[in-house]
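Participant: Here's a structure for you.
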């Protein structure tokens, strides 16, 4: 071989180089940027005369909840999920809040649930279909 020197890399170094290349490829470049949310990203819900707090959350083709932050007080909440897009269906699931589960909503549909937020805190909710695309939100429960 005319002047070319081949060097054998140890197996661990090759694995490490491959892992670093894989990590670099996992940045934001492999997923298109999400469009901005359509409408307010945060809402504060006030109880009605009967103490019920009512909120409507929209989900569309941008894979976002609008609003994505819902401020409520400890108590009973009616949440309506409205599909405002033309594409895939959506769900809304809050694992840490009993009863915060809106089943599959297809385009043009709305579904309502009523549940009780019994403890103050910040609780994450997701679309179980599009969580990887960033369709998440936060329920912020304040004391009464």
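The values are calculated or read from the model by the stated rules, or taken from the named source; none is laboratory data. As the structure is a computational prediction, the values presented were derived from the model and not from experiment. A quick note on method: Cβ atoms are made from the backbone with ideal geometry, for glycine too, and the neighbour counts reach across all protein chains shown.
Participant: I'm trying to understand the selection: among the residues of the range 99-144, which are assigned to a loop (DSSP other than H, G, I, E, B) and on the phi > 0 side of the Ramachandran plot?
Facilitator: 99, 108, 134
Participant: A follow-up question, please. Among the numbered conditions (1) within 21 Å of residue 42 (Cβ to Cβ); (2) crowded, with 16+ Cβ neighbours inside 10 Å; (3) more than 14 Å from the chain's Cα centre (by Cα); (4) free of Cβ contacts under 8 Å to residues at least 40 places away in the same chain, tell me where residue 97 comes up short.
Facilitator: Residue 97 satisfies all of (1) within 21 Å of residue 42 (Cβ to Cβ); (2) crowded, with 16+ Cβ neighbours inside 10 Å; (3) more than 14 Å from the chain's Cα centre (by Cα); (4) free of Cβ contacts under 8 Å to residues at least 40 places away in the same chain except (4).
Participant: OK, next. Any idea which residue in the range 53-88 is farthest from residue 116 (Cα to Cα), counting only those that are assigned to a loop (DSSP other than H, G, I, E, B) and in contact (Cβ under 8 Å) with a residue 60 or more places away in the chain?
Facilitator: Restricting to residues being assigned to a loop (DSSP other than H, G, I, E, B) and in contact (Cβ under 8 Å) with a residue 60 or more places away in the chain, the top hit is 63.
Participant: Against the conditions (1) touching a residue at least 24 places away in the same chain (Cβ under 8 Å); (2) crowded, with 19+ Cβ neighbours inside 10 Å, where does residue 102 fall short? Just the number, please.
Facilitator: So the condition that residue 102 fails would be (1).
Participant: List pairs: first in the range 115-126 and within 12 Å of residue 144 (Cβ to Cβ), second at pLDDT below 95, Cβ under 9 Å, 6+ apart or cross-chain?
Facilitator: That search, which allows pairs on different chains as well, returns 120/143.
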